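Written out below as structure tokens is the structure these notes cover.
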Amino acid sequence: MALPSTFSAAKFEALFLKSPSSSSSQFPSRTLPTAFLAHNRRTFVRRGVVRCDAQPSDASVAPNNATSLSPLEQLKTSAADRYTKERSSIVVIGLSVHTAPVEMREKLAIPEAEWPRAIAELCSLNHIEEAAVLSTCNRMEIYVLALSQHRGVKEVMEWMSKTSSVPVSELSQHRFLLYNNDATQHLFEVSAGLDSLVLGEGQILAQVKQVVKVGQGVNGFGRNISGLFKHAITVGKRVRTETNIASGAVSVSSAAVELAFMKLPEASLDNARMLVIGAGKMGKLVIKHLVAKGCKKMVVVNRTEERVAAIREELKDIEIIYKPLSEMLTCAGEADVVFTSTASETPLFLKGHVKDLPPASQDVGGRRFFIDISVPRNVGSCVSDLECARVYNVDDLKEVVAANKEDRLRKAMEAQTIIAEESKQFEAWRDSLETVPTIKKLRAYAERIRLAELERCLAKMGDDIPKKTRRAVDDLSRGIVNKLLHGPMQHLRCDGNDTRTLSETLENMHALNRMFNLETEISVLEQKIRAKVEQNQK
């Protein structure tokens, strides 16, 4: 299959043969079944962090007359040939509450409304085929399907640096990096609540569902990544159904309320004046947990009154006073504890705002408490410099969630058994996708033969053949081809759940590739190259 004339050698080199800088790390490829490839790899795992070392592959040197070769011929004789030997890798690059402080995470936070744009930008990178963004108060993770691991990681890191204005060197100090099986297991743990600051919390599962909801119809949220997130939802549900990990578990919102009650003087617990800024999901949970703690009255500041009215309707016995954002500072001056949970990308409270507020009541020691569970933060760090204020953010919740940790860790071990089982099923499903190009190629091969023979037959029959006869001969040829292909196609299809069947299917795939000289891997690569070039030319 010839590449389009617009595909110049120079463009090809810019797209696929660009050498990584000498300082770039070499990252390992995903370990496939023996029938595919084998790589030496040493992996060192910490909680939330994986460092991978691999033997660098030997790059073949392009011959001096490379410029006279076609782009595809250059591909076959260059270091880029390894793209034809290994399939694309699932990679997660991220920062979480375990690896990066809130000051760093907020710089990289991506609002939900911007996820489609981020996916499009990531997929425009040379070595990224699919992408997804999971951005919450505790994490900012980018999942990609990369043609090349180390080149893909380099491109994503540069993109993250560009969008956040944080140097790559600084990001590298806080990021975690996981590939294939490790990336799969990580997302499953995230969805199950095992990687959360609050072990077993349920809100993260809703956030994973939201990634799928937002990604539907977005070009770049492709089969592999969408399949990964959909499977993660299944895992999250199963873990919560089959284990007790969620029983007694607290959310970030409830931990924030608990933290406030830990810090307040005991004598003030019944009469401290509460202000909640933001009536979204997090804000609503804060209100409910305040009610559970015995609060009967609170002020809620929000952009519109509709959400507050809905919460008031749900909690009929509680006095919930709505105030617009324009009265936020006035309300803060009348409160002892201020909870903030808005999607604002700039701080709502800075030092200049807070220092001029009336002092908090003496019941709470004259110091106003700001409990900020937003990322980016709603309360500037400079407010902590004031004697009249105490500021806490999501990273301070660790003090609360330390309680009952041992019990929850026992429950987490039960969940890990489920995750290990589901990880194998997902990887088997990914392996089963390997046969799809062969199926398409075999059908195309048979269709070319059928059409050529049909044309030859009709030519012999003359020009005055009745349409009915033409249609009958065409149907006959299709029927013969379909019946001949039925057996091979059946042996190329499996759902990935049975390891033995999958192994046999992959063996059949390689056998058919050899017998019919399908060159499936090269053809798939050609399609990927074409798609990338066409995308970058738009």
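The values are calculated or read from the model by the stated rules, or taken from the named source; none is laboratory data. Note that the structure is a prediction, hence the values are computed from the model and not measured. Heads up, the Cβs are rebuilt from the backbone with ideal geometry, glycines too, and the neighbour counts pull from every protein chain shown. With ligands, DNA and RNA removed, areas are computed over all heavy atoms of the protein, side chains included. Shrake-Rupley method; radii C 1.70, N 1.55, O 1.52, S 1.80 Å.
Can you tell me which residue among Val375, Val473 is at pLDDT 80 or above, more than 30 Å from Cys331 (Cβ to Cβ) and open to solvent by 20 Å² or more (accessible area, probe 1.4 Å)?
Working: Val375 fails: more than 30 Å from Cys331 (Cβ to Cβ).
Exactly one of Val375, Val473 is at pLDDT 80 or above, more than 30 Å from Cys331 (Cβ to Cβ) and open to solvent by 20 Å² or more (accessible area, probe 1.4 Å), namely Val473.
Restricting the search to segment 321-341, which residues are in a loop (DSSP other than H, G, I, E, B), of a type outside the set (D, E, K, R) and in contact with a helix residue (DSSP H, G or I) (Cβ under 8 Å, 6 or more places away or on another chain)? Let's see the steps before the verdict.
First pass over segment 321-341, keeping only residues in a loop (DSSP other than H, G, I, E, B): 334-336, 341.
Subset that is of a type outside the set (D, E, K, R): 335, 341.
The one that is in a loop (DSSP other than H, G, I, E, B), of a type outside the set (D, E, K, R) and in contact with a helix residue (DSSP H, G or I) (Cβ under 8 Å, 6 or more places away or on another chain): Ser341.
Tell me, which strands (runs of 3 or more DSSP E) lie completely within segment 116-189 with 1 or more residues that are open to solvent by 20 Å² or more (accessible area, probe 1.4 Å)? So that I can check it myself, show each step before the final result.
Details: elements: 128-135, 139-146, 176-179.
Because the criterion is at least 1 residues that are open to solvent by 20 Å² or more (accessible area, probe 1.4 Å), the strands (runs of 3 or more DSSP E) in segment 116-189 that meet it are 128-135.
Tell me which residues, restricted to segment 187-204, are within 21 Å of Ala131 (Cβ to Cβ) and not charged (D, E, K, R). Working first, answer last.
Filtering segment 187-204 for residues within 21 Å of Ala131 (Cβ to Cβ) gives 187-191, 195, 204.
Result: Leu187, Phe188, Val190, Ser191, Ile204.
The set of residues in segment 249-306 being part of a helix (DSSP H, G or I) and open to solvent by less than 10 Å² (accessible area, probe 1.4 Å) consists of Val252, Ser253, Ala255, Ala256, Val257, Leu259, Ala260, Ser268, Gly283, Val286, Ile287, Leu290.
Among the hydroxyl-bearing types (Ser, Thr, Tyr) and either open to solvent by 60 Å² or more (accessible area, probe 1.4 Å) or at pLDDT below 75 (or both): does that describe Thr505? Before the answer, list the steps.
Values: among the hydroxyl-bearing types (Ser, Thr, Tyr): yes; either open to solvent by 60 Å² or more (accessible area, probe 1.4 Å) or at pLDDT below 75 (or both): yes.
For Thr505, the condition - among the hydroxyl-bearing types (Ser, Thr, Tyr) and either open to solvent by 60 Å² or more (accessible area, probe 1.4 Å) or at pLDDT below 75 (or both) - is met.
Condition test on Lys538, is it exposed (fewer than 13 other Cβ atoms within 10 Å of the Cβ), closer than 30 Å to Cys123 by Cα and at pLDDT below 80? Spelling it out, Lys538 is indeed exposed (fewer than 13 other Cβ atoms within 10 Å of the Cβ), closer than 30 Å to Cys123 by Cα and at pLDDT below 80. Restricted to segment 307-343, and to residues that are open to solvent by less than 30 Å² (accessible area, probe 1.4 Å) and among the polar types (S, T, N, Q), which residue is farthest from Ala109 (Cα to Cα)? It comes out as Thr340.
Among the residues of segment 313-340, those that are over 38 Å from the mean Cα position of the chain (by Cα) and among the hydrophobic types (A, V, I, L, M, F, W, C) comprise Ile318, Ile321, Cys331, Ala335. Against the conditions (1) in contact with a Gly (Cβ under 6 Å, 6 or more places away or on another chain); (2) assigned to a helix (DSSP H, G or I), Pro347 satisfies every one except (2).
Consider segment 207-246 and keep the residues that are free of Cβ contacts under 8 Å to residues at least 40 places away in the same chain and open to solvent by 40 Å² or more (accessible area, probe 1.4 Å). The one that is farthest from Ser88 (Cα to Cα) is Thr241.
Looking at segment 181-197 only, could you name the residues that are over 11 Å from the mean Cα position of the chain (by Cα), closer than 16 Å to Leu95 by Cβ and not acidic (Asp, Glu)? Residues satisfying the conditions are Ser196, Leu197.
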